Amino acid sequence: MLFNRKPKGRITRPSDGDAVPRRFRAQGTVSRLPDDQHLLLVVQVSGLMWPKGDVPVVDGAWSTEVHEEGSPPGGRFHLALYRVGARGYEEVVAWLDRGQATDSYPGLRRIEGGVRLHRIRLRLRSR
């Protein structure tokens, strides 16, 4: 019998379809993540991605604060959980550093070597 050894990850909070404030806590699980891989949360809108940074994993669980400062059409966006290797992670760190220096975070079309583990639909709560 062959066992599926691929990394698995899920977003457990918020739930698919939830309305969230601009700042919210996301939580989930991950298993079999190789030591050379990083876990990232990514906001996706219309084919573009905005990584939210490294997600700390403790005993197969993760929890992190998400700040969504963009203006997605109709307030709708996807929140995705990705795993990336060293090269993709370096790309994201450089993108975050450039954004911090210029106060501009243009969306990425892809993250090198990034593999999406899970994705949910969310919408921003109206004020």
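The values are calculated or read from the model by the stated rules, or taken from the named source; none is laboratory data. Here the structure is a predicted model, which is why all the values come from computation and not from measurement. Glycine also receives a Cβ, built like all others from the backbone with ideal geometry; neighbour counts cover every protein chain displayed.
Let's see how each residue does on (1) closer than 24 Å to T12 by Cα; (2) surrounded by 14 or more Cβ atoms within 10 Å (Cβ to Cβ); (3) touching a residue at least 40 places away in the same chain (Cβ under 8 Å):
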{"position": "Q44", "(1), (2), (3)": "yes, yes, yes"}
{"position": "G53", "(1), (2), (3)": "yes, yes, yes"}
{"position": "P56", "(1), (2), (3)": "yes, no, no"}
{"position": "P72", "(1), (2), (3)": "yes, yes, yes"}
{"position": "R87", "(1), (2), (3)": "no, no, no"}
{"position": "Y105", "(1), (2), (3)": "no, yes, yes"}
{"position": "R119", "(1), (2), (3)": "yes, yes, yes"}
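Within the range 1-25, can you find the residues that are under 23 Å from Y105 (Cβ atoms) and either touching a Phe, Trp or Tyr at 6+ places or on another chain (Cβ under 8 Å) or free of Cβ contacts under 8 Å to residues at least 12 places away in the same chain (or both)?
Correct list: P14 only.
Just give me the residues in the range 70-96 being assigned to a loop (DSSP other than H, G, I, E, B) and modelled with pLDDT of 95 or more, in sequence order.
G85
Tell me, yes or no, whether the range 45-62 has at least one residue that is assigned to a helix (DSSP H, G or I) and out of contact with any Gly (no Cβ under 9 Å at 6 or more places or on another chain).
Looking for residues that are assigned to a helix (DSSP H, G or I) and out of contact with any Gly (no Cβ under 9 Å at 6 or more places or on another chain), one finds none in the range 45-62, hence no.
Which of the residues belonging to the range 106-127 are out of contact with any His (no Cβ under 8 Å at 6 or more places or on another chain) and either at pLDDT below 95 or within 19 Å of T64 (Cα to Cα) (or both)?
Across the range 106-127, the qualifying residues are R116, L117, H118, R123, L124, R125, S126, R127.
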